[in-house]
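**Student:** First the structure, which I've put down as structure tokens, then a few questions once you've had a look.
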Amino acid sequence: MNGKTVLIVDDEAPIREMIAVALEMADYDHIEAADAREAHALIVDKQPDLVLLDWMLPGTSGVELARRLKKDEATADIPIIMLTAKVEEDNKIQGLEVGADDYITKPFSPRELVARLKAVLRRATPPGVDSPIEVEGLTLDPVGHRVTTEEGALTMGPTEYRLLQFFMTHQERVYTRSQLLDQVWGGNVYVEERTVDVHIRRLRKALGEKYDHLIQTVRGTGYRFSTRAA
């Protein structure tokens, strides 16, 4: 898999299955939801790289969910492709106006879907998410899921890796424990804030004496990743 996860939101199981097969063949991970409530919970918890969102959903519509996601700072940057049987221009405009990045009308071919999906992801992927990030000889490779130094590879748990990836792509800014929980653990996971401290200690241990200074404690606030003196 290429490390990208796509959330499929559609109340029709056969359509979800068809899309899932196309995504697997194109080397994408996927998760599924049948309605807006389930989709929102997965988005907050799993933080997918893109959402394929059906316009017509039971209860809350796909358009309303898209509007809600784009208004929330935590989910506003997640790209959305609307899937719909509505072909009228007004509907397309409405979908784009609420923040959808693209719009595909049913029926569509799996090849077209994957091509449009790749195009949206290319536009939406910020620098450093797919490319290796290097700081003072410490290198994180998001595609290979490895952390290396001049001395070789470092061993760390999945949570420590996600913490380091978040820090290295958000340098020089202080984050509270609550913010780190939302960004690294996901908003739907109940974890006490002090758990962050435990994983920070583990991350520093994994980085070793040469690099543990990059993870700085800001007393009374939280933590930051910085090459400058604390």
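**Student:** Is there a residue in segment 86-102 that is modelled with pLDDT of 85 or more and over 20 Å from the mean Cα position of the chain (by Cα)?
**Tutor:** The answer is no, given that none of the residues of segment 86-102 is modelled with pLDDT of 85 or more and over 20 Å from the mean Cα position of the chain (by Cα).
**Student:** I've got another one for you. For segment 18-27, indicate whether the set of residues that are outside the structural domain of VAL143 (by TED's automatic domain parsing), without any contact (Cβ under 8 Å) to a residue 40 or more places away in the chain and either touching a strand residue (DSSP E or B) at 6+ places or on another chain (Cβ under 9 Å) or crowded, with 19+ Cβ neighbours inside 10 Å (or both) is non-empty.
**Tutor:** Yes, segment 18-27 contains a residue that is outside the structural domain of VAL143 (by TED's automatic domain parsing), without any contact (Cβ under 8 Å) to a residue 40 or more places away in the chain and either touching a strand residue (DSSP E or B) at 6+ places or on another chain (Cβ under 9 Å) or crowded, with 19+ Cβ neighbours inside 10 Å (or both).
**Student:** Just checking, how many residues over segment 120-134 are at pLDDT below 90, among the charged types (D, E, K, R) and not in a helix (DSSP H, G or I)?
**Tutor:** 1
**Student:** Before we move on, is ARG116 at pLDDT below 90, surrounded by 14 or more Cβ atoms within 10 Å (Cβ to Cβ) and assigned to a helix (DSSP H, G or I)?
**Tutor:** It is true that ARG116 is at pLDDT below 90, surrounded by 14 or more Cβ atoms within 10 Å (Cβ to Cβ) and assigned to a helix (DSSP H, G or I).
**Student:** From THR84, THR75, THR60, grab the single residue that is assigned by TED's automatic domain parsing to the domain that holds PHE108 and under 22 Å from ARG111 (Cα atoms).
**Tutor:** Result: THR84 is the single residue among THR84, THR75, THR60 that is assigned by TED's automatic domain parsing to the domain that holds PHE108 and under 22 Å from ARG111 (Cα atoms).
**Student:** Return yes or no: is VAL184 surrounded by 14 or more Cβ atoms within 10 Å (Cβ to Cβ) and modelled with pLDDT of 90 or more?
**Tutor:** Judged against the criteria, VAL184 is not a match.
**Student:** Still on this model: Does at least one position in segment 42-51 carry a residue that is over 13 Å from the mean Cα position of the chain (by Cα) and either part of a loop (DSSP other than H, G, I, E, B) or in contact (Cβ under 8 Å) with a residue 60 or more places away in the chain (or both)?
**Tutor:** No, segment 42-51 contains no residue that is over 13 Å from the mean Cα position of the chain (by Cα) and either part of a loop (DSSP other than H, G, I, E, B) or in contact (Cβ under 8 Å) with a residue 60 or more places away in the chain (or both).
One line per residue, one yes/no per condition, for (1) within 22 Å of ILE93 (Cβ to Cβ); (2) in contact with a Pro (Cβ under 9 Å, 6 or more places away or on another chain); (3) buried (at least 16 other Cβ atoms within 10 Å of the Cβ); (4) not β-branched (Val, Ile, Thr):
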| residue | (1), (2), (3), (4) |
| --- | --- |
| ILE15 | no, no, yes, no |
| ALA33 | no, no, yes, yes |
| LEU57 | yes, no, yes, yes |
| PRO79 | yes, no, yes, yes |
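The values are calculated or read from the model by the stated rules, or taken from the named source; none is laboratory data. No experiment lies behind these values; they were computed from the predicted model shown. As a convention, Cβ positions derive from the backbone with ideal geometry for all residues, glycine included, and neighbour counts pool all protein chains shown.
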